[in-house]
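Here's the structure we're looking at; comments come further down.
The values are calculated or read from the model by the stated rules, or taken from the named source; none is laboratory data. Only a predicted model underlies this, so the values are computations on that prediction, with no experimental measurement involved. Heads up, the Cβs are rebuilt from the backbone with ideal geometry, glycines too, and the neighbour counts pull from every protein chain shown.
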Amino acid sequence: MLNKEKRGWWKSAVFYQVYPKSFQDSNADGIGDLQGLISRLDYLEKLGVDGIWLSPVFASPQYDNGYDISDYRAIDPMFGDVSDMEELIAQAKKRGISIILDLVLNHSSSFHPWFLEAKKSRDNPYHDYYVWRDGEPDTPPNDMRATFGGSAWTYVPEIGQYYFHQFVPEQPDLNWENPAVRRELYDMIRFWVKKGAGGFRLDVIDQIAKEPDKFITGSGPKLHEFLRELSREAFVEEGLVTVGEAWSANVERAKLFSAPDGSEMSMVFQFEHICLAFEGEKWNPVKLNLPALKDCMARWQQGLANCGWNSLFLENHDLPRIVSVWGDEGEHRVASAKMLAIFLHGMQGTPYIYQGQELGMTNVRWPIENYDDIEIRNFYAERTAQGAAPQDVMAAIYARGRDNARTPMQWTTGENAGFTTGKPWLAVNENHAFINAEAALADENSVFYTYQKLIALRKELPVIAEGSFALVDRENSQVFAYRRDLEDAHLLVVCNFAKENVSFEIPAEFAGGKLLIANYGEVQEGCLRPFEAFMLLA
């Protein structure tokens, strides 16, 4: 049994995502590792988080930063070995923290032994572990495009067939129609459960039921059948938490993904609110339409009430820093970082803090040669080849590129921000001189302590975990205000998304209410300061 009081413990929990390559290096090779993470567990315990979502640390050739796994039961040497993982799980457990492993079940690495066998012969037992179609060398089965650019099909001349890959060619899609594939994956999951894993984050899990002949990837017809079997066969330990990444999710699908009976997953990562930051494609950033964000959040908050569960997030390893998107990188950085924290953590669901978010870390602006991410490099090459001006392409990368979230964690003002004594695999943001954990811990008014207080409030007040949700002043284009209600407890959350003072009247019901948290320390009558936010309990 997991060391949790009951099933559903995660409903009042807060998780912290670690991108291990960039968190803490312990051996001066410039790459974060498991021993480095172990050395920082006291920091995470002080923050108050209940679990660590650990981005992939499995053996991988790193074509997509570990999301191309070549051995699901081995730790990549750059991070350590299985004994380091066992030590991490044990040390975290001592601090009341669960380790949530990031699993990629949609595809493997092209260097996985299964695929090396699969491409030898059509008669090989492993051939049907992947998705193949006949075709001529210069004529793919169809025109499907891969997420990172190029065709979704790669030809293997030795057998005269194409294999399907929704991402880069080094990430061939697994064939979930094959029961043998599913059994292999379930056995692997049980292996890590026995090691003490507290749960799993399931990468692009909505794409396992693909039908490439019909151009179907996300939410194919057999998706929920596969997910129910996965839950039944693999997630057998009481108290395991499972969260699925599902870009195709809408509220109705999410009710199935996160049904209270646990038949599929605990919760789902949906991205409807994230998509409001761009138009058409991720590389076209747009100004925030606050009423649209209100409608989106209300739809999910109310739509899953009592019949599903929300994950709450604004950042992850694939997204830019939210302060740089909806906040302010300048004089109001601290206020906007706190406001965005209060905005999200007052809602129903399980919050996820991405490493450095609790410090208010920001995006970077580098020359193209400084970026590591394959998506950024492919985007730059494709768009400039099509005639786009390099400065316009770079502007999109500055706003939306994934390396914005992957710069090393900023621990100190010292060399390489205290991340490594070697040469970091990716450059450190220069603003670590004033944005770092050491400074945050020494300042009682820092962003860090706002997050710490919000985590504590979620555990103290059932209205935050369980209360109903309703918008207040929906038409206001600058202020996002909402209330949470549970029996005799009533919570008001007010967040000014503007860089200027805004008039706002607190509803009479909350006049004289208890001030739980405020990023300016106190509340003024009738006026909100730039990026001001607070919670009142009536």
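Key figures for this structure:
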item	result
Yes/no for residue 503 being of a type in the set (S, T, N, Q), over 31 Å from the mean Cα position of the chain (by Cα) and within 26 Å of residue 325 (Cβ to Cβ)	yes
Test: residue in region 45-53 that is surrounded by fewer than 17 Cβ atoms within 10 Å (Cβ to Cβ), closer than 17 Å to residue 354 by Cα, among the charged types (D, E, K, R) and touching a helix residue (DSSP H, G or I) at 6+ places or on another chain (Cβ under 8 Å)	yes
Unique residue being in a loop (DSSP other than H, G, I, E, B), out of contact with any Leu (no Cβ under 9 Å at 6 or more places or on another chain) and touching a residue at least 24 places away in the same chain (Cβ under 8 Å) when the list is 61, 56	61
Residue pairs meeting the criteria (Cβ under 9 Å; at least 6 apart or on separate chains; first assigned by TED's automatic domain parsing to the domain that holds residue 338, in region 442-454; second of a type in the set (Phe, Trp, Tyr))	443/449
Selected residue (criterion: surrounded by the fewest Cβ atoms within 10 Å (Cβ to Cβ)) from residues of region 82-121 that are within 24 Å of the chain's Cα centre (by Cα) and farther than 30 Å from residue 43 by Cα	106
Options 148, 164; residue that is within 24 Å of the chain's Cα centre (by Cα) and aromatic (Phe, Trp, Tyr)	148
Near pairs, Cβ below 6 angstrom, 6+ apart or cross-chain, from region 510-534 (under 20 Å from residue 457 (Cβ atoms) and without any contact (Cβ under 8 Å) to a residue 24 or more places away in the chain) to any residue that is aromatic (Phe, Trp, Tyr) and surrounded by 18 or more Cβ atoms within 10 Å (Cβ to Cβ)	518/534; 523/534
Close pairs (7 angstrom Cβ cut-off, 6 or more residues apart or separate chains): small (Gly, Ala, Ser) in region 101-113, modelled with pLDDT under 95 anywhere	none
Single residue of region 270-314 satisfying the filter (under 17 Å from the mean Cα position of the chain (by Cα) and among the charged types (D, E, K, R)) that is nearest to residue 16 (Cα to Cα)	272
Selection from region 475-517 of residues that are of a type in the set (Ser, Thr, Tyr) and buried (at least 16 other Cβ atoms within 10 Å of the Cβ)	482
Residue match in region 124-133 (condition: over 27 Å from the mean Cα position of the chain (by Cα), among the charged types (D, E, K, R) and surrounded by 15 or more Cβ atoms within 10 Å (Cβ to Cβ))	yes
Identity of the residue in region 186-214, part of a helix (DSSP H, G or I) and under 22 Å from the mean Cα position of the chain (by Cα), that ends up surrounded by the most Cβ atoms within 10 Å (Cβ to Cβ)	205
Any hit, region 384-393, residues being small (Gly, Ala, Ser), in the same structural domain as residue 308 (by TED's automatic domain parsing) and free of Cβ contacts under 8 Å to residues at least 24 places away in the same chain	no
Residues that are in a helix (DSSP H, G or I), of a type outside the set (Ser, Thr, Tyr) and out of contact with any Phe, Trp or Tyr (no Cβ under 6 Å at 6 or more places or on another chain), drawn from region 423-450	430, 431, 432, 433, 438, 439, 441, 442, 447, 448
Meets criteria (of a type in the set (Asp, Glu) and touching a residue at least 24 places away in the same chain (Cβ under 8 Å)) for residue 438	yes
Residue ID - surrounded by the fewest Cβ atoms within 10 Å (Cβ to Cβ), chosen from residues in region 375-422 that are outside any helix (DSSP H, G or I) and of a type in the set (Gly, Ala, Ser)	387
Any chance residue 348 is under 20 Å from residue 457 (Cβ atoms), in a loop (DSSP other than H, G, I, E, B) and in contact with a Ser or Thr (Cβ under 9 Å, 6 or more places away or on another chain)	yes
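Residue by residue, here is whether (1) buried (at least 24 other Cβ atoms within 10 Å of the Cβ); (2) without any contact (Cβ under 8 Å) to a residue 60 or more places away in the chain holds:
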residue	(1), (2)
306	no, yes
312	no, yes
316	no, no
326	no, no
332	no, no
341	yes, no
345	no, no
352	yes, no
358	yes, no
